[in-house]
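Visitor: Structure in structure tokens, see below.
The values are calculated or read from the model by the stated rules, or taken from the named source; none is laboratory data. None of the values given here were measured: they were computed from a predicted structure. Cβ coordinates were reconstructed from backbone atoms using ideal geometry, including for glycine residues, and neighbour counts include every protein chain displayed. Only protein heavy atoms, including side chains, enter the accessible area calculation; ligands, DNA and RNA are left aside. Shrake-Rupley method; radii C 1.70, N 1.55, O 1.52, S 1.80 Å.
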Amino acid sequence: MPQSTIRWHTLSSKELLAALDVDEQTGLSSENISARRAKYGANVLSKKEEESAFKLFLLQFHQPLVYILLLACVIMALLEEWMDTGVIFAVVLINAIIGYMQENKAIKAIEALSKLSHSSVTVLRNSQKVLLESSHIVVGDIVFLFSGDKIPADIKLLHAKELKVDESSLTGESISVEKHVGVLAQDTVLADQTNMLFSSTLVTYGQGVGVVVAVGDESQLGKINTMISNADVLQTPLTKKLAFFSKRLLYGILGMALVTFIIGVMRGEELVITFMASVAMAVGVIPEGLPAAMTIILAIGVVKMANKNAIIRKLPAVETLGSTTVICSDKTGTLTQNAMTVTKMMAADKLYHLSGSGYEPKGEIFIDALPHIPLKGSALYETLVAGILCNTSRHVFTDGLYVIEGDPTEGALIVSAKKASIHEEKLKEGLRHIDTLSFESERQYMASGYHAIAENTFPVYLKGSVEKIIERCDTYMDEKGELLPINRAQIEAHAENMAHQGLRVLAFAKVYMNEKVDQLGHHHFENGLIFLGLQGMIDPPRVGVIEAIQSCYRAGIAVKMITGDHRTTALAIARSIGLDTHEKTPVLTGKEIDALSDEALASLVEKVAVFARIAPEQKLRLVKALQSLSHIVAMTGDGVNDAPALRQANIGIAMGVMGTEVAKESADMILTDDNFATLEDAVEEGRVVYDNIIKFITWILPSNMGEGLVVIFAILAGIALPILPLQILWINMVTDSALGIMLAYEPKEKNLMDRPPRDVNEPILTRRLIFNVALVGVLLFLCALSAFFYVQNVGMSEEAARTLVVNIFVFGEMFYLFNCRSLHYSMFQIGFFSNPLLLLGAVLVSILELLFIYMPFMNQLFKSAPLGVLEWMITLGSSALVYFVIECEKVLYLKRRNIH
């Protein structure tokens, strides 16, 4: 049977050793290692075959917009305008370099996985225990594991003693998983395979012995590596639309140039003159500033995002956020803090609430909304003391953060005691530790014994499951410290109520030994214990998450929580953070997803907001199911298990502080504060970026259209060109660089986050915007052509007439720019001075145009001529006409839509 098809968790130890042909007492022999490595593979993650660096670089030029720029370069070279050729080609080259750098993202993610899988471990070879680097391990090796070890491969347990493993990076479950020897059902999901250990996870407690069953690409980590390599890198909504728009524009320009050339030839014009006219038309219509402006607008968005704790690794990701329709969020460490926190307590039949969250020891204890300080000797005080003394973990402050060395659950108990000013160091001053009876899954409790030196007593503190603790208790302690007969039903009711709130509940007890013993035994705790109280803990929501989720809902964005937790815990957390949960199907589990076809999953996925016990490949299926319904999916996460889905999503968002390197390398964006709430700002900025890109496109096209129409008319009419190719370049390069780019700094418009997400099928330019582009283009064409004929009729030179045409286009674009600051409202409604850089750009263009008109060297270079008062009146009148026509269109549009 092939190794990959064997369900290792279903085999007994005897069957396992027989299947792998290994002796538990001697391990593998050195002679067998090479053969096993050849048969089962090496314990390293393979890399996807990469394209050459040169080919990757060349592929960056394989884009319609780049074709347009390269065409402009060729035309400039034919005109021997070497400076313009150099500038345009520099833009193309810079874009190609940026794109090439971004292509390495998947490769880096796999390299990060390889680093993650490296560790050393004790192995049995030739009947001897040896320490080996993880890459040397093969299938069949007998491995010995201890607290703190990183698991080097997928392992089936042969022996386990109080073994706990942190699998949060793989399954998303925040609590360390207890591991046992045994046989499990075939359909047991990954997160519930308690007899298996998985590569890259961490032993937090106890020890174990197991046999390696999968290495390298066959391990769970290897399967994630394969999913990252094979995940589709999807185009962003903007790049899809721009690619379509650019192709149509490219074909249109080439078609118009060809038609212009054919008409000129048919009219008997000289070939050189006809060719130059066709070139002039092409130069006029090509929006050579568009790709550069796109890059700049996106880059400005990146800078703004960085100031809001979000680092963008890929420029188009900024805009994609604005298109997002669904956010799939990992629970652990993203919606929650990945820091277990005691939030509820019960002692002496009274309920207490604890404020604060995470491992920072800030907060208070409340009863009936009033602060409460537990009195020494009370049941509440003793419950907190038991949490510290029956504990093997440490709460430390390092690198500016409080962290737990050991089990997160025990860490939460230390923090809850510190909130009542009970500190371990002071508490243990008069105590001497005798012995600890470690937690065992069969007994489900832990005990720690001490010698209280001053009193010469021998107290033992216990913690464990509610059921196992209270069955050993005869009495309970009241708030005065007195002992009363226990009421087990009442305690169980409190525990059940806490559990329904998604809390993990532990019970605490105490007993005094009659005499000192050197070693504790389970027989000491069969009965006679004093029940102290309960502590209920949960991985709490991050600050601001509830508000951020509601903001997403207002913006028409669905939020879905994906977690490795159990159904009840997942649902309780979802409801606590305000997620909409469907009544009929509030939660979908990994096992249920496996039973669904892709079509059935797609029909359910929109209705469900909570997904529990989810494995990495199931996260990937969820993202693909949403994408099959035309959703733009943002996926947040921080673990190794999130990496494939982060790469598949339209935009992957990793956590910067707690996130693994694999997640960061697979993501398009990294949140440096690990806060889901930062996404609200990110989505808003994405919408601003998209708005400004549309404004720029709406602004740039009419002048290109008007210039093209002027040239085509001249060819059809058989008259001299009203505007020369070099003058068209002047208009385009000056206005694009000094005017249009300033739209990138346009602030957000009102009600931006109250809009629904954009329809993914909506084109870049709607019919209304196409009408506006055509209207302004025709207005500029008519004004420029009328002025050209008029001033020639009153005796002005052809150079002056052409200069006037240039002036009308430059100032017409400037006035139209103020229209485009908002596609719905006037510049006075949004604030005339709200974009000072745009005003500065208008002043700069005015100065450059004055130089173009009145400086002799500019007259000689561009064949321009000085203008008089009449020409300036025509220029300003034409520009004002453009402005007022578009403002009237806005008023009519708002009235039709009943927008205020």
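Visitor: Per residue, how large is the accessible surface of the range 597-716? Use a 1.4 angstrom probe and give square angstrom.
Guide: Per residue, the range 597-716 has 22 Å² of solvent-accessible surface.
Visitor: Ok, one more. For the range 434-517, what does the equivalent ellipsoid look like in terms of its semi-axes, each the square root of 5 times an eigenvalue of the Cα gyration tensor, given largest first in whole Å?
Guide: 25, 17, 10
Visitor: Enter the accessible area per residue of the range 462-594 (Å², integer; probe 1.4 Å; all protein chains in place). Before the final figure, lay out the partial values.
Guide: Numbers: 6080 Å² over 133 residues.
Each residue of the range 462-594 exposes 46 Å² on average to a 1.4 Å probe.
Visitor: So, one more: So what are the radius of gyration and Dmax for the Cα set of the range 501-616, in Å?
Guide: Spelled out, the Cα radius of gyration and Dmax of the range 501-616 are 21.5, 68 Å.
Visitor: By how many degrees, between 0 and 90 and to the nearest 10, does the Cα long axis of helix 488-500 differ from the longest principal axis of the chain?
Guide: That works out to roughly 20 degrees.
Visitor: Under 15 Å from the Cβ of C783, count the other residues' Cβ atoms, weight Lys and Arg +1, Asp and Glu -1, and hand me the total. Don't jump to the answer; show the numbers that get you there.
Guide: Working: positive: R802; negative: E707, E813, E871.
Summing Lys/Arg as +1 and Asp/Glu as -1 gives -2.
Visitor: What is the ratio of the Cα radius of gyration of the range 478-533 to 2.2 N^0.38 Å, where N is its residue count, to two decimals?
Guide: Details: Rg = 14.3 Å, N = 56, 2.2 N^0.38 = 10.2 Å.
The value comes to 1.40.
Visitor: May I pose another question? Accessible area of R37, 1.4 Å probe, to the nearest 10 Å²?
Guide: Taking all protein chains as shown, R37 has close to 70 Å².
Visitor: Can you work out D for the range 756-900 in µm² s⁻¹ from Stokes-Einstein, where Rh is the Kirkwood radius over C-alpha pairs, the temperature is 25 °C and the viscosity is 0.890 mPa s?
Guide: The Stokes-Einstein estimate is 145 µm²/s.
Visitor: For the range 361-434, I need the span (max minus min coordinate) of the C-alpha atoms along each principal axis, in Å, sorted largest to smallest.
Guide: 35, 33, 19
Visitor: Another question, then. Please determine, in degrees from 0 to 90 and to the nearest 10, the orientation of helix 567-576 with respect to the longest principal axis defined by the Cα atoms of the chain, where the helix direction is its Cα long axis.
Guide: 60 degrees
Visitor: What percentage of the solvent-accessible surface of the chain, computed with a 1.4 Å probe over protein heavy atoms, is contributed by carbon and sulfur atoms?
Guide: The computed percentage sits at 58.
Visitor: Debye sum, Cα scatterers, the range 675-768, no solvent: what log₁₀ I/I(0) at q = 0.23 1/Å?
Guide: -1.19
Visitor: Could I ask something else about it? Taking amide H positions as placed 1.01 Å from N in the peptide plane, with prolines and chain starts having none, which residues 5 or more places from T636, or on another chain, fall under 5 Å of its amide H?
Guide: Amide H neighbours of T636, under 5 Å, 5+ apart: C328, S329, D330, I653.
Visitor: A follow-up question, please. Report the convex hull volume per residue for the chain, counting only C-alpha atoms, in Å³.
Guide: 204 Å³
Visitor: With θ set to phi - 60° and the Karplus curve 6.51 cos²θ - 1.76 cosθ + 1.60, what are the ³J(HN,Hα) couplings of the range 123-130 in order, to the nearest whole Hz, using x for Gly and Pro?
Guide: Values, residue by residue: 10, 8, 10, 6, 6, 10, 7, 10 Hz.
Visitor: Could you pull the Rg and Dmax for the range 722-776, using just the Cα atoms, both in Å?
Guide: 16.3, 47
Visitor: What accessible area per residue comes out for the range 786-877, rounded to a whole number of Å², with a 1.4 Å probe? Intermediate values should be presented prior to the final figure.
Guide: Details: 4100 Å² over 92 residues.
Each residue of the range 786-877 exposes 45 Å² on average to a 1.4 Å probe.
Visitor: Using the Kirkwood radius over C-alpha pairs as Rh, can you work out the diffusion coefficient of the range 535-690 via Stokes-Einstein at 4 °C, viscosity 1.567 mPa s, in µm² per second?
Guide: In µm²/s, the coefficient is 81.
Visitor: How high is the relative contact order of the chain, in percent, with contacts defined as C-alpha pairs under 8 Å that are six or more residues apart?
Guide: Computed value for the chain: 13 percent relative contact order.
Visitor: Let me ask something else about it. Just order 538-549, 400-411 by mean Cβ neighbour count inside 10 Å, highest at the front, would you?
Guide: Descending packing order for the listed peptides: 538-549, 400-411.
Visitor: Lysines near K591 by alpha-carbon distance under 17 Å, same-chain residues fewer than 8 away left out - which ones?
Guide: K619
Visitor: Per Stokes-Einstein, at 10 °C and 1.306 mPa s, what whole-number D in µm² s⁻¹ belongs to the range 300-354, with the Kirkwood radius over Cα pairs as the hydrodynamic radius?
Guide: Translational diffusion coefficient: 106 µm²/s.
Visitor: Same structure again: Checking the cross-link filter: which lysines have an alpha carbon closer than 28 Å to that of K418, excluding same-chain neighbours under 8 positions apart?
Guide: K164, K331, K344, K350, K362, K376, K426, K428, K463, K468, K480, K510
Visitor: Working from the alpha-carbon coordinates of the range 320-380, get Rg over Rh, Rh being the Kirkwood radius.
Guide: Using Cα coordinates only, the ratio equals 1.22.
Visitor: Below 14 Å, Cα to Cα, which aspartates and glutamates can K14 reach? Residues fewer than 8 away in the same chain don't count.
Guide: D23, E24
Visitor: Relative contact order for the range 352-399 using alpha-carbon pairs under 8 Å, separation at least 6, rounded to a whole percent? If you can, show how the numbers build up before the last one.
Guide: Details: 31 pairs, mean separation 10.1, N = 48.
Here the relative contact order equals 21 percent.
Visitor: Students often check this: by mean Cβ neighbours within 10 Å, which of 202-209, 629-636, 447-454 ranks highest, and how do the rest follow?
Guide: Top of the packing list down: 629-636, 202-209, 447-454.
Visitor: If packing is taken as the average count of other Cβ atoms within 10 Å, what order do 346-355, 642-651 fall into, highest mean first?
Guide: Ranking the peptides 346-355, 642-651 by packing returns 642-651, 346-355.
Visitor: Quick one: what Rg and Dmax do you get for the range 457-567 from the alpha carbons, in Å?
Guide: 20.3, 68
Visitor: Next question. For the range 364-489, just list the percent of Cα-Cα distances falling in each 5 Å bin from zero outward, please.
Guide: All Cα pairs, binned at 5 Å, distribute as 2, 9, 16, 22, 22, 17, 8, 3, 1, 0 percent.
Visitor: Next question. Please report, to two decimal places, log10 I(q)/I(0) for the range 286-417 at q = 0.15, 0.18 Å⁻¹ as given by the Debye formula with identical point scatterers on the Cα atoms and no solvent.
Guide: -0.83, -1.01
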